[in-house]
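Below is one structure; the comments refer to it alone.
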Amino acid sequence: MEAAIVTAISTIGVIITTIIQTHHAKRKDNIENKLDLIQKEFKKEIISLQENLNKETLGRCKSDLVSLMSKIKNGYTPTTEEKMILYETKEKYNSLGGDSYVDDMFDGLKKEGKI
């Protein structure tokens, strides 16, 4: 009789341990899935922010380049610093995928020896 009680208690203990382990495993999987989802959403948001920043930077570069190059085309003589900034800004503009309109304008001024 005692052996049957010990066996029953041991069996109940194994069942309870299995239930607890299963519950913890499900919670762990659920937490890991939530963390994965948060991480994926965070990466998407970072990529979106970077794309928006690049578009904004591209627009600013184009505006600055066209503004200064238009002044130069109309007779303004740029300082050495302005020329350096012009070249740096154009390089950044092209690295972000700038178009040929600015390139053509830049190349024209360069051929004329104005920059």
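If I require 15 Å or longer along the helix axis, counting alpha carbons, and a Kyte-Doolittle average no lower than -1.0, what helices from the chain are left? Use full DSSP H segments.
Details: long enough: 2-73 (104 Å, -0.16); 80-95 (23 Å, -1.49); 100-111 (16 Å, -0.68).
Membrane-span-like by this rule: 2-73, 100-111.
For residue 26, go through the lysines and keep the ones whose alpha-carbon is under 20 Å away, minus same-chain ones fewer than eight residues off.
Counting by Cα, and skipping residues close in sequence, residue 26 has these lysines nearby: 34.
Given contacts defined as C-alpha pairs under 8 Å and at least six residues apart, what's the relative contact order of the chain, whole-number percent?
Details: 30 pairs, mean separation 32.1, N = 115.
Rounded, it is 28 percent for the chain.
Just checking my list (1) 1.39; (2) 2.50; (3) 1.09 against Cα Rg over 2.2 N^0.38 Å computed from this structure; which label fits?
(2)
What pairs in 55/110; 44/71; 71/92 have C-alpha atoms more than 31 Å from each other?
Pairs exceeding 31 Å: 44/71.
We did not get these values from a lab; they are worked out from the coordinates using the rules stated. This one's a predicted model, so the numbers in the text were calculated from it and none came from an experiment.
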